[in-house]
1. Condition check: on the phi < 0 side of the Ramachandran plot, of a type in the set (D, E, K, R) and modelled with pLDDT of 95 or more. Does residue 99 satisfy that?
2. Which of (1) crowded, with 18+ Cβ neighbours inside 10 Å; (2) part of a helix (DSSP H, G or I) does residue 99 not meet, given it meets every other one?
3. How many residues does the range 1-47 hold that are farther than 16 Å from residue 64 by Cβ and of a type in the set (A, V, I, L, M)?
4. Considering only the range 123-142, state which residues are among the polar types (S, T, N, Q) and either surrounded by fewer than 18 Cβ atoms within 10 Å (Cβ to Cβ) or closer than 24 Å to residue 72 by Cα (or both).
5. I'd like the full set of residues that are out of contact with any strand residue (DSSP E or B) (no Cβ under 9 Å at 6 or more places or on another chain), among the small types (Gly, Ala, Ser) and assigned to a helix (DSSP H, G or I), limited to the range 13-31.
6. Across the range 102-122, which residue is farthest from residue 75 (Cα to Cα) among those that are outside any helix (DSSP H, G or I) and among the aliphatic types (A, V, I, L, M)?
7. When residues of the range 63-82 are filtered for being of a type outside the set (Gly, Ala, Ser) and over 17 Å from residue 28 (Cα atoms), how many remain?
8. For the range 32-81, which positions are among the small types (Gly, Ala, Ser), crowded, with 17+ Cβ neighbours inside 10 Å and in a helix (DSSP H, G or I)?
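The values are calculated or read from the model by the stated rules, or taken from the named source; none is laboratory data. Keep in mind that what you see is a predicted model, and the values were worked out from it rather than measured. Cβ sites come from the backbone with ideal geometry, for glycine too, and all protein chains shown count toward neighbours.
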Amino acid sequence: MPLAQAHDVAFLLNDSPLLASELGVDGVHIGQEDMSYKETRALVGEEAIVGVTCHDSRHLAMEAAERGANYVAFGAFYPTSTKETKTRATTDILEWCNDLIETPCVAIGGITVDNAAPLIKSGADFLAVSGGVWNNSNGPEQAVTEFNRVIDTVSAT
């Protein structure tokens, strides 16, 4: 956390609002089986970032946005071994979110440098990437450089 914050990068904890509150991190990401949004927000405070997994559900995204989530997350878009996949999302949900909800949307699941472009083109405001960085054959630093290149290239078109 100190390293991320020293570089002006928000540090979010996954799936553990209680620990996020105890550590004073910048925010927390909660899934549908974690603590409710209302309880999470009360625990971490109004200033913290709270993002909510919405799988492939427009309904869950609308509810999360209406409750005040800082972002809604959809996925998994691609096969992943990072976490058990409950649903498969398609890029049309990113387009829908971009058109109808002001809350930023995040794409999750199996994202690599090679498959990120369609998600960005479809309106993902952010990409949640784990294996695509840590398992990159050129190393994590090169993976981040490559992701930035893809984002810049797609954003320029």
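1. No, not satisfied.
2. For residue 99, the exception is condition (1).
3. Of the residues in that region, 13 qualify.
4. Listed by number, the residues that qualify are 130, 135, 137, 138, 142.
5. none
6. By that ranking, first place goes to 113.
7. Number satisfying all stated conditions: 7.
8. Once the filter is applied, which keeps residues that are among the small types (Gly, Ala, Ser), crowded, with 17+ Cβ neighbours inside 10 Å and in a helix (DSSP H, G or I), the range 32-81 yields 61, 64, 65.
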